Each structure stands twice: as C-alpha cells, then as structure tokens.
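The values are calculated or read from the model by the stated rules, or taken from the named source; none is laboratory data. These numbers come from a predicted model, not from an experiment. Cβ atoms come from the backbone with ideal geometry, glycine included; neighbour counts cover every protein chain shown. Ligands, DNA and RNA are excluded from the accessible area calculation, which covers all protein heavy atoms including side chains. Shrake-Rupley method; radii C 1.70, N 1.55, O 1.52, S 1.80 Å.
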Amino acid sequence: MYDIVITGGRVALDEGWADCDIGIANGRIAALGQGLTGRRVIEAAGRWVMPGGIDAHCHLDQPTWGGVDTADDFSTGSISAAFGGTTCIVPFAMPGPGMTTLAALDRSLACAGGRSVVDYGLHGVFTEATGSDVEAQLDRLAARGVPSVKAFMTYRGFAVSDDLMLAIMDGARPRGMTVMVHAENDAGIRRTTGRLVALGRTGFRYHAVAHAEAFEREATHRAATLAEITGARLVIVHVSCAQSAEEVRRARGRGADVIAETCPQYLLSTAADLDGPPQEAARFIFSPPPRARASQDALWQALSTGDIALWSSDHSPYRMADKIAPASEPSFTTAANGVPGLETRLPILFSEGLLSGRLTLARYLALAGQAAAMLYGLDDRKGRIAVGLDADLVLWDPDARWQVRHEAQHSAVDFTPYEGLWLTGKPTDVLVRGRFVIRDGILHDATPTGQFLPRHAVPADPARRPIEETTPWLEA
C-alpha cells in the first residue's frame, strides 16, 4: 500500500513511453508497475506523466545593483516555476558590491529559507572583488554542496580577467566542480557602445549591435580554450547564435569538456523585435541579445543532436520601469537586461520541441532536467522517473491549447516576452517529493516546504588534463 498511486497515464521513462502505475512512498518513487494500490489514487487518464523539470539557470532575490531590484523572490519565483512544471531550481548566489562569494552564498540561503515551494540548489559566483583565495572558497563551496561556480566575461563589477578565470578553472577541476561562463567580449562591447552613444544611436535596436555575435563568438572561443588549457569542465551559458554553438562543437572536437546551454528567448525572438516601440522592444532586452532567424534554425538543430545539452530560462525578473524609466529617453545603455521565463521554459519545450517533432522524447527529457541533474550533481535525487528518486512528477494535458498572457503568469514581473504566443500542452498537476503543489491547474499548497539540496561533485574525466601535464612531443 503506497501513499499515492498515479494510474492511467502515459509515463515518460528513460526507455520510452510506458503504460504503468507509479507508487509513491515517503516522497520517493517506490514502484513502477501494474495494479499498484495506494491510500490515495490519482487518475491520470488522457495525460502524460513527465519528470519534474530542473531549471539550473535563473536569478531570484538578488542584491541591488545600480538601483535595480529583482521582482521575484524565492516565493513568487518558485510558484511560477511550479506552474510551469519545474520542480527544482538552481539560482545564482550573486554577490552585492564588496561581497565575497561565500558571503553571497550565505545571503542567498537566508533569502531562500522557508520561502520556496520547490526544491533548490545554488551556484557560487566569482568576480574580481570576491576575494583572491579562490581555492579556499572553492573548498568551502564544495563542502556546502555547491559544486558549480559562475564567472562573467562582461558587465561592470562582474567581468573577470583571464588570470582569474584560469585560477577558477584550475581550482574547479580537481574538486569535480563545473565552471559556468557568460561569454561576451567586454572590451568590444564597451568600445562599440561608446561609439554608438557618440553617434546618438541609443535606441533599443542598437542593443544587438553593441552585443554583436562576434563578441559572443570570440569570448566563447577564449573561454573554451582556457578550459582546454586547464582540463576543466565548462558550461557556456545562454548560447544565442550559430557562431557560438559552432565554437562549442569545435572545442569538443579537440577533446575539451565544454557544454552549451541555450534558452527559449533565443529560439522565439529575433533582433527585429528590438525595432518596435519602446514599450514593446523593451520586452526583448536581454544579453546576449536576440539574433537573426537563421540562428534559431541552427539552435533547434543543435538541441536535437545534443550539441546543445542544456535548456534553461535565464529568468531575470526585472520590471518594465527598470527597462524604460531610468533615462529621460529609453536607451539600451540604461535598460535592465533580462526577461522572465521560469513559468514558460518547459511549456515552450513541450509544445515547440516535443509536440512539433523537433525533439525526440529522449532529447526532451534530457533538456527538461535529466542533463542538468547529471551535470550539476542532482542525479541521485532528481531528473528522471525511476525507483528511488524523488517523486517530482508533472501531469501534462497534451491537448490543451492556450495563449501566453502576462495576466495569467505567476511571476511578479509585469510583462512576458512571449505575450500572445500560442502553445499546446500544459501542466495540470505538479508534485514535489510526492506533495501536490499544483492540482488541476490551481495552486494547491503554497506551504514553502522546498528544501535546499546540497549537490554532489561530478569528477572530471581523468583523460582531460591540464596542458602542462601532457607530452605531445612523445606522440609525434
């Protein structure tokens, strides 16, 4: 007799679709089979039972920078995630001015504690100001279950030098930690922005010029080369264009452990969206910016083949006022960068990826959360429907046809970049560790019982070694 039995649904397992019951006990998946009995039976006829999603790139309750605050805390952000079928999130412990990486972690843990309805981890963040004791901080992060760190190659106050990047990668590899990088050439962006301002070209359309593809391509190549030098595991986050995706493929072809991530906004928006009236164009201010339509085709292809392994929202919850109001005239130089996406990440993948036929079931499951679980040290608990793992389950109505509207979203952000988009397929019921958070499309339990999940290290491939430990002259 299980606590809950889900019966009658079409269940997405590693090996494919199955018609089976799911028995849940003590918050975990206890059995998969036929004729299971439970104290509570959930009839899922006509629905697809999928693993809860993992969004490993999002921003919640961050410190104020430049007078701009994030709209979502861990309460509104996690509720929004749950309505979108995501049952685990891994935001960034972003440092405020003068804050160390470890102090930023403490701050984020305090912000999250007792507020989230879904489970969560955290990524560490390094900047030039977060301390020179890189290895000591990495040790303490790993000991606290944070085996991943992020570094930026641009943004004032965040951009790190190649020297610091190498130090981070050198320290991360032997500790089984993953380095995440925002790859854009800072000097190129500053140079081009200055010239555009001097020419009076500050409208939102010039955001795509100031953050041109060449800057992302160069930084992706440089970060991948540093990973090749150190033997570190590297994730290039929010790959926006075919050029950067190609740099990742080239690096992997050389044997480097470089992984690409992309986000829904790069598959559904183009630079042409920045040409509209300010109130409309502001909905597409994010970095890297939207690109040409040809890049969308290339990114979908890379998602289908696995050349892009991760699908994240990069949920950056800034209000419209922070995009338009800071200047007397709306300008790309003052607009807050970022758009909401926690709630729409999985429905877009489900509709435009799985149901459209662009993605197989296996690729959908990998992108929904399985790949993130394996890469970021959550695979012992999350990411699949399998006996022994947490009962993070989502029942989808595959026939639901609905339109994205800001008013129906649960984020505290006052817009969505996907306003008016028609999608097919919608989560109706969401369980986190066997507890219903969403039931029949309604918030069933807002009790913030989400747990902080210490994550395990993922050892580096021993075949990938720092360049000084290799002897290429012996192979000649």
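Every listed requirement among (1) open to solvent by 10 Å² or more (accessible area, probe 1.4 Å); (2) under 30 Å from T470 (Cα atoms); (3) hydrophobic (A, V, I, L, M, F, W, C); (4) in a helix (DSSP H, G or I) is met by A245 save one, (1).
Is it true that R47 is touching a Lys or Arg at 6+ places or on another chain (Cβ under 9 Å) and in contact (Cβ under 8 Å) with a residue 60 or more places away in the chain? Yes: the conditions hold for R47. For P398, the stated conditions hold: it is in a strand (DSSP E or B) and surrounded by fewer than 17 Cβ atoms within 10 Å (Cβ to Cβ). For L60, are the conditions met, namely being free of Cβ contacts under 8 Å to residues at least 40 places away in the same chain, in contact with a strand residue (DSSP E or B) (Cβ under 6 Å, 6 or more places away or on another chain) and either within 25 Å of R345 (Cα to Cα) or aliphatic (A, V, I, L, M) (or both)? Taking the combined requirement at face value, the residue does not satisfy it.
Scoring Q34 on the criteria (1) open to solvent by less than 60 Å² (accessible area, probe 1.4 Å); (2) touching a strand residue (DSSP E or B) at 6+ places or on another chain (Cβ under 8 Å); (3) not aromatic (F, W, Y) leaves a single failure, condition (1). Scanning segment 75-124 for residues that are touching an Asp or Glu at 6+ places or on another chain (Cβ under 9 Å) and aromatic (F, W, Y) yields a total of 1. Restricting attention to segment 97-145, the residues that are in a helix (DSSP H, G or I) and not hydrophobic (A, V, I, L, M, F, W, C) total 8. Across segment 333-358, the qualifying residues are those that are at pLDDT 95 or above and either more than 22 Å from A81 (Cα to Cα) or in contact with an Asp or Glu (Cβ under 7 Å, 6 or more places away or on another chain) (or both), and the one among them that is surrounded by the most Cβ atoms within 10 Å (Cβ to Cβ) is L342.
Is segment 110-121 home to any residue that is farther than 24 Å from N26 by Cα, surrounded by 20 or more Cβ atoms within 10 Å (Cβ to Cβ) and not hydrophobic (A, V, I, L, M, F, W, C)? Within segment 110-121, none of the residues are farther than 24 Å from N26 by Cα, surrounded by 20 or more Cβ atoms within 10 Å (Cβ to Cβ) and not hydrophobic (A, V, I, L, M, F, W, C). Of all residues in segment 279-330, none satisfies the criterion of being assigned to a loop (DSSP other than H, G, I, E, B), open to solvent by 30 Å² or more (accessible area, probe 1.4 Å) and among the β-branched types (V, I, T).
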